[in-house]
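None of the figures in this text is laboratory data; all of them are computed from the coordinates on show. Just so you know, these numbers come straight off a predicted model, no measurement behind them. Note: ideal-geometry Cβ built from the backbone for every residue, glycine included; neighbour counts use all protein chains shown.
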Amino acid sequence: MKKIYTFHKLSKYKSCHHLVTQKDQNSPYSFSLALHTNEEKKEIVKNRNEFSKYFPHKKFIVANQTHSSNICIVDKNEELGWKSLENAIENSDALITNQKDVMLTILTADCVPILLFDPINKVVAAVHAGWKGTKQEILFKTVEKMKKNFNSDAKYILAGIAPSIGRCCYEVDWNVAQHFKDVQNSYDKKADKYMLDLPYINKLQLLEAGLIDENIELSNVCTACEVDNYFSYRKENGCSGRFMSMIGLN
């Protein structure tokens, strides 16, 4: 099995399977799993096939992420977007399902991936939140959709905020920082730049949606600081590799 990152709280539940992939220098393109970037697609498919052999009964779901606040409910047990972009879910940055043996996936290289699990109603979600998605409150909206469509009670939902670029490294201009000026402690000012804390802002959205603080686990891993293990678009000057965060029901 490849090197992976997992959350302590989510790992306690046998009914839920989750993980975050890491780089592997012995695999093509350091084990990037992105089909939408510049690598040879057959090599990326080879990486995906090598990975999925550890989960022979799982159907992997990949979306065409567009930095939107669009949320898709996966209601069928079928593979989408895994071997080809042609049947990926279009224009969606959050996936929700109550289907067993379906793995919802998010591809990132600095943006914030968030994994959600409702252990009462057996529902999972995977969310992609860059600054645009965070500004549009995609994470808050995903929890609200879980409540509306699956009768989830937010106080029982567990959340894992996966490795992403941290406040230490995410330098932005005011044209980005201004969207979060009303969020207390969302950034540090550094000369005429701003060090934005997207994982923290997304945690606040979870709390606003009704999650309990103790059910929210942050990795506290900065992808730019730990570029040996994770792809970082910023640190690697526009890398095309992506790692994958995923969650599914057993």
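Side notes on the structure shown:
- Fraction of beta bridges assigned by DSSP in the chain that are antiparallel (%, nearest 5): 70 percent
- Per-peptide average of other Cβ atoms within 10 Å, ordering 77-88, 111-122 highest first: 111-122, 77-88
- Ranked packing of 37-46, 20-29, most packed first, by mean Cβ within 10 Å: 20-29, 37-46
- Solvent-free Debye calculation, one equal scatterer per alpha-carbon of the chain: log10 I(q)/I(0) at 0.12 Å⁻¹ equals -0.63.
- Cross-link table 76/122; 58/145; 58/235; 2/83; 12/76; 155/181, entries beyond 21 Å C-alpha to C-alpha: 58/145; 58/235; 12/76; 155/181
- Based on the Kirkwood approach, the hydrodynamic radius assigned to segment 121-250 is 15.7 Å, with every pair of different Cα atoms included.
- Vicinal HN-Hα couplings computed from phi for segment 223-240 (Karplus, 6.51 cos²θ - 1.76 cosθ + 1.60; Hz; Gly/Pro x): 5, 6, 6, 10, 5, 5, 9, 9, 5, 9, 4, 5, 5, 9, 6, x, 4, 9
- Aspartates and glutamates with Cα under 20 Å of residue 53, excluding same-chain neighbours fewer than 8 positions away: 24, 43, 78, 79, 101
- Built amide H within the under 5 Å cut-off of residue 129, gap 5+: 112, 114
- Residue by residue, segment 187-195 carries 3J(HN,Hα) couplings of 7, 10, 8, 9, 6, 9, 10, 9, 9 Hz when phi is fed to the Karplus relation 6.51 cos²θ - 1.76 cosθ + 1.60 (θ = phi - 60°); x denotes Gly or Pro.
- Charge tally for residue 19 (other residues, Cβ to Cβ under 12 Å; Lys, Arg +1; Asp, Glu -1): +3.
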